[in-house]
1. Determine, yes or no, whether Thr81 is at pLDDT 95 or above, touching a strand residue (DSSP E or B) at 6+ places or on another chain (Cβ under 9 Å) and open to solvent by 40 Å² or more (accessible area, probe 1.4 Å).
2. Inspect the stretch 196-218 for any residue being small (Gly, Ala, Ser), under 30 Å from Arg170 (Cα atoms) and within 17 Å of the chain's Cα centre (by Cα) and give the result as yes or no.
3. Looking at the stretch 201-222 only, could you name the residues that are open to solvent by 10 Å² or more (accessible area, probe 1.4 Å) and either under 22 Å from Val146 (Cβ atoms) or basic (Lys, Arg) (or both)?
4. Report, by residue number, each residue of the stretch 267-281 that is open to solvent by less than 50 Å² (accessible area, probe 1.4 Å), farther than 19 Å from Arg54 by Cβ and either touching a Phe, Trp or Tyr at 6+ places or on another chain (Cβ under 7 Å) or at pLDDT below 85 (or both).
5. Test Leu73 against the criterion of being under 25 Å from Glu247 (Cα atoms), touching a residue at least 24 places away in the same chain (Cβ under 8 Å) and under 19 Å from the mean Cα position of the chain (by Cα), and give yes or no.
Amino acid sequence: MNEQIPVIRDVDRGTAKLMPDVDRDRAWLLTVDGAPQSYVDLDEPTHLEFEYARRLAHVVDSFADEGAPLAVLHLGGGALTLPRYVAATRPGSRQDVVEADRGLLDLVTEHLPLPDDAGVTLHAADARGWLEAAPGASVDVLIADVFGGSRVPAHLTSVEYAREARRVLRPGGVYAANLADGAPFAFLRSQLATFAGVFTELALIAEPAVLRGRRFGNAVLVASDQEIDTARLARRAAGDAFPARVEYGATLTRFTGSARPVTDTDAVPSPVPPDGSFSIG
């Protein structure tokens, strides 16, 4: 077996590094400017190292019958962890990945190539701009995992953006976003208020320590116009190595409190995380 060595390259939005996992053959950690972005096991694409990735996968797994192919749009690419997962668990799925950093896409496809039959199309473009040009009612699942540096960009947090996300979803489709915040949760609460004004059903997946304000961390927002199978989501989230809770209904309304939706004119990025506090996606 050839020893894997780290790969370091300047990409469009920083310095990317691919580091081999010494404990797993052909497994790699992607960082950008030192921040963990993605983890990929080329031999076992269903292995999801990061908890936020597992929670996003739980949303996909809970959406349709096991193995059923889906049309999935990924905003944010990283090392293409979730597209690989969907391709492995739902053969025949049609997936589009939109990643603004063309240099990062080139690095990943060169060193961590997708299988030829993955059914994944890559687009080097701004997520919001690509979304606005996408045809309506064209995808079953929309996954947003976009970070500029360590922050969710402001233009992917507004009512106008949420309306575009709803437009491209097929009836009954589901939206899932990897977000990050800490107490007092001004950003997370504003996102809940924003998406509650566009979608009829919401849920939030996060570790109890994050929801109680004990630490900064990831939270997955789930939105749909059909009832979300929160019981199924909760079972899956509770079974993770770091169990998470699924909040919805009146509990989520209380958590949102008096937060108001944000528009393009007043949207702001997610807060800067404390150093080393979480994996951004």
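1. Details: at pLDDT 95 or above: yes; touching a strand residue (DSSP E or B) at 6+ places or on another chain (Cβ under 9 Å): yes; open to solvent by 40 Å² or more (accessible area, probe 1.4 Å): no.
Here the answer is no, as Thr81 does not meet what is asked.
2. Keep residues of the stretch 196-218 that are small (Gly, Ala, Ser), which gives 196-197, 203, 206, 209, 213, 217.
Cutting the leftovers down to under 30 Å from Arg170 (Cα atoms) gives us 196-197, 203, 206.
With within 17 Å of the chain's Cα centre (by Cα) added as a condition, the list becomes 203, 206.
So far as the stretch 196-218 goes, yes, one or more of its residues are small (Gly, Ala, Ser), under 30 Å from Arg170 (Cα atoms) and within 17 Å of the chain's Cα centre (by Cα).
3. Of the residues in the stretch 201-222, the ones open to solvent by 10 Å² or more (accessible area, probe 1.4 Å) are 201-202, 207-209, 211-216, 218.
Passing the criteria: Leu202, Glu207, Arg212, Arg214, Arg215, Phe216, Asn218.
4. Ser270, Pro271, Pro273
5. Values: under 25 Å from Glu247 (Cα atoms): yes; touching a residue at least 24 places away in the same chain (Cβ under 8 Å): yes; under 19 Å from the mean Cα position of the chain (by Cα): yes.
Here the answer is yes, as Leu73 does meet what is asked.
Yes/no per residue for (1) part of a strand (DSSP E or B); (2) surrounded by fewer than 18 Cβ atoms within 10 Å (Cβ to Cβ):
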{"residue": "Thr15", "(1), (2)": "yes, yes"}
{"residue": "Leu18", "(1), (2)": "yes, no"}
{"residue": "Asp25", "(1), (2)": "no, yes"}
{"residue": "Leu29", "(1), (2)": "yes, no"}
{"residue": "Ser38", "(1), (2)": "yes, no"}
{"residue": "Thr46", "(1), (2)": "no, yes"}
{"residue": "Arg55", "(1), (2)": "no, no"}
{"residue": "Val60", "(1), (2)": "no, no"}
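Okay, residues lined up against (1) closer than 20 Å to Tyr175 by Cβ; (2) of a type in the set (A, V, I, L, M):
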{"site": "Asp43", "(1), (2)": "no, no"}
{"site": "His47", "(1), (2)": "no, no"}
{"site": "Arg55", "(1), (2)": "yes, no"}
{"site": "Asp61", "(1), (2)": "yes, no"}
{"site": "Ala64", "(1), (2)": "yes, yes"}
{"site": "Ala68", "(1), (2)": "yes, yes"}
{"site": "Ala71", "(1), (2)": "yes, yes"}
{"site": "Gly77", "(1), (2)": "yes, no"}
{"site": "Arg84", "(1), (2)": "no, no"}
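For (1) within 24 Å of Asp117 (Cβ to Cβ); (2) over 18 Å from the mean Cα position of the chain (by Cα), each residue gets a yes or a no:
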site	(1), (2)
Ala16	no, yes
Gly34	no, yes
Val40	yes, no
Glu51	no, no
Asp65	yes, yes
Gly78	yes, no
Arg94	yes, no
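The values are calculated or read from the model by the stated rules, or taken from the named source; none is laboratory data. Predicted model, so just to flag it, every value in this text is computed and none were measured. When we count neighbours, we look across all protein chains shown, and the Cβ atoms used for this are built from the backbone with ideal geometry, even at glycine. What goes into the accessible areas is simple: the full protein's heavy atoms, side chains included, and nothing from ligands, DNA or RNA. Shrake-Rupley method; radii C 1.70, N 1.55, O 1.52, S 1.80 Å.
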